[in-house]
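Peer 1: One structure is given below, represented as structure tokens, and several questions about it will come after.
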Amino acid sequence: MGTSRQGKITGCILVVMGKISEGARFGLEPGRIYLDWNATAPLRASAREAWLEAGAVGWANANSLHREGRIAAEFLTRARETFASTTGTSPGEWVFTSGATESIHAAILGCAAARPTRRRIVTSLGEHAVVRSVLAGLEGQGWEIVRVGLGPDGAWSAQEVLDASHPETTGMVSLIWASNETGAVSEVEEVAKELRRRRIPLHLDAVQVPGRIPFGLSVVPATFASLSGHKFGAPKGVGALFIRRAAPWTRWMAGGEQERGRRGGTSNVAGIHSMATALAEAVVADVSAWNPLRDDFESRVLARVPGSHRVGGGVRLPQTSALRFDGVESSALLLRLDDLGIAVSSGSACTSGRTDPSPVLLGMGLTSGQAHQTIRVSFGDGTIPSDLDLLLDRLVQEVPALRGS
Ligand code: PLP
């Protein structure tokens, strides 16, 4: 671990002051290992270059009619074309946003407003906090929210979703494609095709998908899909929403007429150009080595750390492992690993300085105690096998030590 680092922990917030070595992998301090890609992926070199390029020459307001404005607008046109060509969609079906949190609000609230007489929304217990809270808000206004449970593998059941979705009553279905917590990948293709046949709009939280598993919206014909740039190597504060042509949707937030009247606010040209560059690179990257790397890591953990368990199973993101250790609080393990130079994540949601057990893990049938014992390891391109070897050695050492302490 870098000696210049001084850490201070305030509730759930880790404030780190330290020198960043420019030459190090992903700009990490020397000796650090980053295994929390599902929280944020490091900025891709190509995305950083694109950001600088658009920042240098495309800084004008893309809605201005003058030449400088048109240069900025050209970056947006190209970005929309990239989103379309990488996903099998049309450029006009993409709206650029400030991130998935905004995209999810826009998709759900915009579709609910467009179908006010069908007041049932079907979702799952595996959703990210944003979807959970937007739907809880609608529930408070009298909408019926049907939450389909998860199997022990962490996936929602396609059959249960379809059984709950009736064309006369269901305004929309909102589902997570791949879980940020366990990596579970549910059967979106079958559900998307059947819901299209029933003419029920489907919103997919696809945030964890690009660059990890195939991301094609012609193969998976969802009506809406939400993305966040920083999960695939773009900067934070930029995202996208796919709105299929002729989808039932009305604009949810007042403001200017940017994004063809579908979103107000001056466009983040540099961020959007950077995000499109990152997406184009992420979706063609060779990730075939990840699954075996992850499986090998998991089987060595299970063999060498007594009382260890894999959380979830079945079809999963190739670079995500959720692991549980009997008798060990994930927050204590996370902080111990952090002291030893390794960044992972815990299975607990950090809310107002309090750690609640993850509703997703509870939804899979874990007890609150078990949910508090779960850590998430997630990696990406640039992770090397020795990163996971070192983590394994640390787990072998630290898990029994924490149990004894
Ligand atoms: N959905 C999923 C599955 C996520 O993992 C995240 C981020 O953690 C979000 C939505 C929200 O994304 P953002 O915070 O970038 O708006």
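Bear in mind these aren't lab numbers, they're just calculated from the coordinates by the rules spelled out. Remember, it's a predicted structure, so these values are computed and weren't measured experimentally. Because the Cβ atoms are built from the backbone with ideal geometry, glycine has one as well, and the counts that use them run over all protein chains shown.
Peer 1: How far apart, in nanometres, would the label points at Thr250 and Asp326 be if each is projected 7 angstrom from Cα along the Cα-to-Cβ direction?
Peer 2: Taking the two extended label points, one gets 5.7 nm.
Peer 1: Something else about it: Shape of the chain from its Cα gyration tensor (a ≥ b ≥ c, root eigenvalues): rounded if a/c is under 1.5, otherwise prolate when a/b > b/c, or oblate?
Peer 2: Verdict is oblate for the chain.
Peer 1: Follow-up question, since we're still on this one. Roughly how many nanometres apart are two label points built 7 Å out from the Cα toward the Cβ at Thr266 and Glu68?
Peer 2: Those two pseudo-labels are separated by 1.0 nm.
Peer 1: Averaging sequence separations of C-alpha pairs under 8 Å and six or more residues apart, then dividing by the length of the chain, give the relative contact order as a whole percent. Mind dumping the intermediate values first?
Peer 2: Numbers: 827 pairs, mean separation 85.6, N = 405.
That works out to 21 percent.
Peer 1: With θ taken as phi - 60° and the coefficients 6.51, -1.76 and 1.60, list the Karplus ³J(HN,Hα) couplings across segment 317-326 in order, rounded to whole Hz; mark glycine and proline as x.
Peer 2: 4, x, 10, 10, 10, 10, 10, 10, 10, 3
Peer 1: Loop sites only, by DSSP: take the trypsin sites (Lys or Arg not before Pro) in the chain that have at most 13 other C-beta atoms within 10 Å and name the longest stretch containing none of them.
Peer 2: Numbers: sites that count: Lys19, Arg199, Arg245.
With a cap of 13 other Cβ atoms within 10 Å, the longest stretch comes to 20-198.
Peer 1: To continue, here is another question. Calculate the spin-label point distance for Ile145 paired with Ser218, positioning each point 7 Å from the Cα along the beta-carbon direction, and give it in nanometres.
Peer 2: The modelled label-to-label distance comes out at 3.6 nm.
Peer 1: Thr40 to Thr117: extension gain in nm, 0.36 nm per residue of separation minus the Cα-Cα distance?
Peer 2: Here the segment from Thr40 to Thr117 would lengthen by 23.9 nm.
Peer 1: Normalising by the residue count of segment 326-405, find the relative contact order in percent from Cα pairs under 8 Å and 6+ residues apart.
Peer 2: Relative contact order here is 36 percent.
Peer 1: Take Leu402, project a point 7 Å from its Cα along the Cβ direction, then tell me which residues of segment 30-61 have their backbone nitrogen under 17 Å from it.
Peer 2: Counting backbone N atoms under 17 Å from the label point, the list is 33-36.
Peer 1: Let me ask another. What is the distance in Å between the Cα centroid of segment 240-282 and that of segment 147-177?
Peer 2: Using only Cα atoms to place each centre, the spacing works out to 27 Å.
Peer 1: Mind ordering 134-141, 363-370 by average Cβ neighbours within 10 Å, highest first? Could you put the intermediate results ahead of the total?
Peer 2: Details: 134-141: 14.2, 363-370: 16.8.
Ranked from most to least packed, the peptides come out as 363-370, 134-141.
Peer 1: If you don't mind, another one. Suppose every K and R has +1 on its Cβ and every D and E has -1 on its Cβ; what is the size of the dipole of the chain about the Cα centre, in Debye to the nearest 20? Present the calculation step by step, with values, prior to reporting the outcome.
Peer 2: Working: 42 positive and 40 negative charges, 177 e Å.
With Lys and Arg at +1 and Asp and Glu at -1, about 840 debye.
Peer 1: Calculated from DSSP H runs of 4 or more alone, at -39500 (n - 2.57) each and per residue, what is the 222 nm mean residue ellipticity of the chain, nearest 500?
Peer 2: Mean residue ellipticity, 222 nm, calculated: -11500 deg cm²/dmol.
Peer 1: For each of His309, His372, count neighbouring Cβ atoms within 10 Å of the residue's Cβ, then give the residues from fewest to most.
Peer 2: By the 10 Å Cβ count, ascending, the order reads His309, His372.
Peer 1: Okay, next question. So for segment 46-282: antiparallel DSSP bridges make up what percent, rounded to the nearest 5?
Peer 2: Rounded to the nearest five, the antiparallel share is 40 percent.
Peer 1: Tell me the relative contact order for segment 84-215 as a rounded percent, counting alpha carbon contacts under 8 Å between residues six or more apart.
Peer 2: Working: 190 pairs, mean separation 32.2, N = 132.
Computed value for segment 84-215: 24 percent relative contact order.
Peer 1: Let me ask something else. Which stretch or stretches of segment 163-187 have amide N atoms under 18 Å from the point lying 7 Å from Arg199's Cα along the Cα→Cβ direction?
Peer 2: Zone members listed by number: 165-173.
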